[in-house]
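Take a look at the structure below.
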Amino acid sequence: MSNYQLDARNSLCPMPVIKTQNKVNELQVGDTLEVTCTDPGALSDIPAWCRINGHQIIDSNENNGIVVINIRVGE
């Protein structure tokens with residue numbers, strides 16, 4: 001199990017989700033991915049994408065316009 005980071009700051013919808021999808025496709029089951037972005041919609045869009053695709057949200061938060069979402073890759 002490995003940990004990865006994705007910087008999707010300054011990307012507007014739907015790019016944070018697309019960048020997350022592309023990165024997750026490179027990872028193994030059980031890996032974690034920390035996504036950092038500035039699109040406030042990502043707080044709902046990325047978790048919705050994860051539910052549909054079988055990935056787990058470990059945690060998410062927004063602070064001063066920076067959204068950080070931690071994902072565990074599922075099968």
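The values are calculated or read from the model by the stated rules, or taken from the named source; none is laboratory data. The shown structure was predicted, so the numbers you read here are calculated from the model rather than taken from an experiment. Using ideal geometry, Cβ is built from the backbone for each residue, glycine included, and neighbour counts are taken over all protein chains shown. Surface areas here come from the heavy atoms of the whole protein model, side chains and all, with no ligands, DNA or RNA. Shrake-Rupley method; radii C 1.70, N 1.55, O 1.52, S 1.80 Å.
Scanning the range 18-30 for residues that are out of contact with any Asp or Glu (no Cβ under 6 Å at 6 or more places or on another chain), surrounded by fewer than 13 Cβ atoms within 10 Å (Cβ to Cβ) and not small (Gly, Ala, Ser) gives ASN22, ASN25, GLU26, GLN28.
Quick one: count up the residues across the range 18-66 that are without any contact (Cβ under 8 Å) to a residue 40 or more places away in the chain and part of a strand (DSSP E or B).
Residues that pass the stated criteria total 12.
Of all residues in the range 5-17, those that are open to solvent by 70 Å² or more (accessible area, probe 1.4 Å) have Cβ atoms under 9 Å from Cβ atoms of residues that are basic (Lys, Arg), 6 or more apart or on another chain, in ASP7/LYS19.
Just one residue in the set ASN61, ASN70 is at pLDDT 95 or above and exposed (fewer than 12 other Cβ atoms within 10 Å of the Cβ); that residue is ASN61.
Going through the range 41-53 one residue at a time, which ones are under 15 Å from VAL68 (Cβ atoms) and either surrounded by 16 or more Cβ atoms within 10 Å (Cβ to Cβ) or touching a strand residue (DSSP E or B) at 6+ places or on another chain (Cβ under 6 Å) (or both)? Talk me through it step by step, then tell me what you get.
Our first condition is that a residue be under 15 Å from VAL68 (Cβ atoms); within the range 41-53, this holds for 41-47, 50.
Matches in the range 41-53: ALA42, LEU43, ASP45, ILE46, PRO47, CYS50.
Looking at the range 8-40, which of the residues that are touching a Cys at 6+ places or on another chain (Cβ under 8 Å) and of a type outside the set (Ser, Thr, Tyr) is farthest from ILE66 (Cα to Cα)? Can you show your working first?
Kept after step one, since they are touching a Cys at 6+ places or on another chain (Cβ under 8 Å), are these residues of the range 8-40: 8-9, 11, 16, 39.
From what is left, the residues that are of a type outside the set (Ser, Thr, Tyr) are 8-9, 16, 39.
Working: ALA8: 10, ARG9: 8, PRO16: 13, ASP39: 8 Å.
So the residue we want is PRO16.
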